[in-house]
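Notes to accompany the following structure.
The values are calculated or read from the model by the stated rules, or taken from the named source; none is laboratory data. If you're wondering where the values come from, they're calculated on a predicted model, not measured in any experiment. Using ideal geometry, Cβ is built from the backbone for each residue, glycine included, and neighbour counts are taken over all protein chains shown. Keep in mind that these areas ignore ligands, DNA and RNA; they rest on the heavy atoms of the full protein, side chains included. Shrake-Rupley method; radii C 1.70, N 1.55, O 1.52, S 1.80 Å.
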Amino acid sequence: MELVINGLSKTYGNGVKALDNVSLTIPTGMFGLLGPNGAGKSTLMRILATLQEADAGTAMLGDINVLKDKEAVRKVLGYLPQEFGVYPRVSAYQMLDHIALLKGVTKGSERKDLVEALLQKVNLWEHRKRRIAGFSGGMKQRFGIAQSLIGEPKLIIVDEPTAGLDPGERNRFYNLLTEIGENVVVILSTHIVQDVQELCKNMAIINKGQLLFAGAPNDALSSIDGKVWEKTIVKEELERYSNTHHVISNKLVAGRPVIHVLADAPPEEGFVKTAPTLEDVFFSTITATTPVLA
Ligand code: ADP
């Protein structure tokens, strides 16, 4: 099963064009949707999760018309939103049991088996009697995964899952996502390049509502291979370099700025060619005036 999105557009009442004619085919496995804040990721995720209407376009999940047949989508959808809003003051076990009931697992013994298995899977078994409101960020996200897996979903949407997690929690969350079946379409929406680098077979980059790249991370890397140049500079030179070169990143290393410049030939004295990272792809794509990679 794949998700085929065609010509999707959405303009909000205030005139912001959050999605501008987005067409994208998403196969099974982990798919990274990468874009800076405000790019339109959540808008796209909410439309696919049937929580919001598009103005134009289509989306087909196998033979389900996502924009029209919302009930059918909801039956095969697992959605992990950015924020649940208010976290319930009930235990993880009670909450999962309740959600499973809402999702139609009406038989008590079946629900008990399912809830127990999910709590084990996301490593919350020993915390099952604790209130979710008191969970850490990572535990809340793992609970979110557990609830999204009820009903054996075919499409799982995870919106900005690792923001605010510490490195240990992030790793546990990565491992959990990786275990989710190869036969499911999993869309991971994020502004964190590392999330996509570590997890995703395929990816897309969006910015200002437009699709700038779609393909495998390796293809994205090859597209700028040999064109990324690095130099350690002093802080005062940063403005000059920014004005005269296509600076795609600027990081402090041991207190000094290290810049990456995108250019076909050595930009000037002192630059060394460096292997592109996905972060270079991301920043070179979103800082280009026209889509360079699409
Ligand atoms: P992302 O998830 O990539 O941060 P969003 O989809 O949340 O992006 O937002 C895309 C753009 O749409 C932003 O400019 C945002 O300010 C705007 N936007 C999002 N939701 C609304 C809304 N309900 N009303 C008006 N503008 C919105």
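Looking at the stretch 18-27, can you tell me whether even one residue there is more than 18 Å from the chain's Cα centre (by Cα) and either surrounded by fewer than 19 Cβ atoms within 10 Å (Cβ to Cβ) or modelled with pLDDT of 95 or more (or both)?
Initially, the stretch 18-27 is screened for residues more than 18 Å from the chain's Cα centre (by Cα), giving 20-21.
In the following step, the residues that additionally are either surrounded by fewer than 19 Cβ atoms within 10 Å (Cβ to Cβ) or modelled with pLDDT of 95 or more (or both) were identified as 20-21.
Yes.
Specify which of the listed residues (G134, G104, G108) is free of Cβ contacts under 8 Å to residues at least 12 places away in the same chain and over 27 Å from the mean Cα position of the chain (by Cα). Before the answer, list the steps.
On the way: G134 fails: over 27 Å from the mean Cα position of the chain (by Cα); G104 fails: free of Cβ contacts under 8 Å to residues at least 12 places away in the same chain.
Testing whether each residue is free of Cβ contacts under 8 Å to residues at least 12 places away in the same chain and over 27 Å from the mean Cα position of the chain (by Cα) leaves just G108.
For the stretch 17-44, which positions are of a type in the set (G, A, S) and outside any strand (DSSP E or B)? Before you say what the answer is, go through the steps one by one.
First pass over the stretch 17-44, keeping only residues of a type in the set (G, A, S): 18, 23, 29, 32, 35, 38-40, 42.
Scanning the stretch 17-44 gives G35, G38, A39, G40, S42.
If you take just the strands (runs of 3 or more DSSP E) that sit entirely in the stretch 181-294, which of them hold at least 2 residues that are within 16 Å of the ligand (Cβ to nearest atom)? Full working, then the answer.
Numbers: elements: 185-190, 202-207, 210-215, 228-232, 247-253, 256-262.
Because the criterion is at least 2 residues that are within 16 Å of the ligand (Cβ to nearest atom), the strands (runs of 3 or more DSSP E) in the stretch 181-294 that meet it are 185-190, 202-207, 210-215.
Kindly indicate whether V76 is farther than 18 Å from I187 by Cβ, touching a Gly at 6+ places or on another chain (Cβ under 8 Å) and more than 16 Å from the ligand (Cβ to nearest atom). Can you show your working first?
On the way: farther than 18 Å from I187 by Cβ: no; touching a Gly at 6+ places or on another chain (Cβ under 8 Å): yes; more than 16 Å from the ligand (Cβ to nearest atom): yes.
Criteria not met by V76.
Within the stretch 19-43, can you find the residues that are near the ligand (Cβ under 7 Å from one of its atoms) and small (G, A, S)?
G35, G38, A39, G40, S42
Residues in the stretch 243-259: is at least one touching a Pro at 6+ places or on another chain (Cβ under 6 Å) and not assigned by TED's automatic domain parsing to the domain that holds L165? Show your work before the answer.
First pass over the stretch 243-259, keeping only residues touching a Pro at 6+ places or on another chain (Cβ under 6 Å): 245, 250.
If we keep only those that are not assigned by TED's automatic domain parsing to the domain that holds L165 as well, we get 245, 250.
Yes, the stretch 243-259 contains a residue that is touching a Pro at 6+ places or on another chain (Cβ under 6 Å) and not assigned by TED's automatic domain parsing to the domain that holds L165.
Do any helices (runs of 4 or more DSSP H) lying entirely in the stretch 61-173 carry at least 1 residues that are open to solvent by 40 Å² or more (accessible area, probe 1.4 Å) and outside the structural domain of L44 (by TED's automatic domain parsing), and which ones are they? Before you say what the answer is, go through the steps one by one.
Details: elements: 70-75, 92-102, 108-121, 137-148.
No helices (runs of 4 or more DSSP H) qualify here.
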